[in-house]
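These notes concern the structure reproduced below.
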Amino acid sequence: QALCQISQRTISTASRRQLENKVPEGQKLFQEDNGLPVHLKGGAKDSLLYRTTTGLTLFGTMYAVYYLLVSSMPKKPN
């Protein structure tokens, strides 16, 4: 039982030592004054996500307006 506890401690502490704190790097990136809004400071990935979200929102808005216009027209009698 003591051997199991020692081996678990060794494994858990060894894995903790390998982890690297990347928070300061991220803080430097987001606090840098480069004229970009915070939601685009992540680079190309953030830009792609922003453009995709904007496009889907515009498409959804246009579709909703179109559907409201079609729904507001009277139906033709058969």
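The values are calculated or read from the model by the stated rules, or taken from the named source; none is laboratory data. Worth saying up front: this structure is predicted, and the values here are computed from it rather than measured. Neighbour counts run over all protein chains shown; Cβ positions are idealised from the backbone, glycine included. Side chains included, ligands, DNA and RNA excluded: accessible areas come from the protein's heavy atoms. Shrake-Rupley method; radii C 1.70, N 1.55, O 1.52, S 1.80 Å.
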Among (1) open to solvent by 100 Å² or more (accessible area, probe 1.4 Å); (2) hydroxyl-bearing (S, T, Y); (3) modelled with pLDDT under 85 - the single one S12 does not satisfy | (1)
Which of the residues spanning segment 36-59 are within 23 Å of V23 (Cβ to Cβ) and open to solvent by 50 Å² or more (accessible area, probe 1.4 Å)?
-> L36, P37, V38, H39, A44, K45, L49
What's the number of the condition M73 fails, among (1) under 31 Å from the mean Cα position of the chain (by Cα); (2) at pLDDT 90 or above?
-> (1)
Can you name the condition, by its number, that G35 falls short on among (1) outside any helix (DSSP H, G or I); (2) at pLDDT below 85?
-> (2)
